[in-house]
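Working notes for the structure below.
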Amino acid sequence: MKLSLSTISTVNASFGDDVSAYAAAGFDAIGLWEMKLPDDDAANRVALRAAGLTVSNCIPTVPSFLQLGIPGLEGPADPEERIAAICASIRRLAPYEPESIVVLSGPLGERGEDEARAILVDGLQRAAAAAREEGMSLGFEPIHPAQSDSTAFICSVADALAVLEDAGLSDVGLTADSYNLAAEGPDAVVAALDRVTALHLADRPTQASGPDARVLPGEGYGDAAAFVAAFRAAGWDGTLDVEIFSTPDAFWSLPADEAARRAFAAVSRLG
């Protein structure tokens with residue numbers, strides 16, 4: 001399996017520092033958050049090629065169809081603006097040749113579930129059409145239930161698959177995340193493994209913290225190792241993409257080179 005690190009894991013580093021640090025640490029690939037990309041895409045791709053890094057999974061600047069409740073990442077309130085931004089991001093990110101582009105539902109906010117679901121289905125259909133035109137794989141990610149009010153109201157494998165079925169999108173897959181799906185466990189994902197387009201890895205911290213604090217695989221509750229073992233046993237050979245959301249005094253406080261070295265050592269131990 002190829003090993004990747006998502007650039008949100010080194011949120012304070014520049015794209016150039018990310019590329020240098022990830023390649024030096026030994027990673028095969030990089031997970032791109034569009035909000036960290038410099039404007040010169042041609043130069044960005046040259047830098048990636050020179051470093052020997054392919055692109056695993058891309059997160060658009062506006063990643064969800066409904067407005068996020070995360071301070072600093074809210075984005076536009078109008079769903080039409082959000083859908084248009086996601087489609088534009090798909091077209092921008094396609095030349096990076098990622099393994100997948102990841103989207104979220106977003107939270108309900110003040111909407112009822114029926115209205116929110118209708119917006120989501122429409123957005124997924126339009127994003128899927130844009131991805132299809134670009135020859136890209138689109139992954140729909142269910143989020144940890146503790147973040148339903150801020151990040152996404154779709155919080156389980158079953159709910160994600162039901163939305164995709166309602167939308168008639170058999171060509172849109174699932175982005176699995178060992179942190180987000182810890183309560184369900186790997187078996188629920190393995191049952192739908194033919195739909196999985198990406199696997200994000202992080203563990204739950206052993207001490208109480210915020211609703212989205214994560215630690216490296218092996219440094220908390222061992223959900224990441226269980227997911228990798230189950231996926232391997234089922235014959236999945238996709239990229240292992242470490243994605244760490246943290247706080248300014250924890251993993252995000254590390255210089256990019258140290259963070260990348262620690263992440264590579266952690267994911268390498270998963271076998």
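At a glance:
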read-out	value
For segment 163-191 versus segment 90-137, the gap between their alpha-carbon centres in whole angstrom	15
Carbon/sulfur fraction of accessible area - the chain, other protein chains in place, 1.4 Å, %	51
Full-stretch length increase - residue 125, residue 171 - with 0.36 nm per residue and alpha-carbon distance subtracted	15.5 nm
Dimensionless Rg ratio for the chain, taking C-alpha atoms and the 2.2 N^0.38 Å reference	0.93
Segment 183-247 pair-distance distribution - Cα-Cα, 10 Å bins, rounded %	21, 51, 24, 4
Segment 1-147 - percent relative contact order, Cα under 8 Å, separation 6 or more	21
Antiparallel bridge percentage (DSSP; both residues within the chain; nearest 5)	5
Convex hull of Cα atoms in segment 1-76, direction-averaged projection (nm²)	5.7
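The values are calculated or read from the model by the stated rules, or taken from the named source; none is laboratory data. Nothing here was measured: the structure is a model prediction, and the numbers come from that model. To get the accessible areas, we keep the full protein, side chains included, count just its heavy atoms, and leave off ligands, DNA and RNA. Shrake-Rupley method; radii C 1.70, N 1.55, O 1.52, S 1.80 Å.
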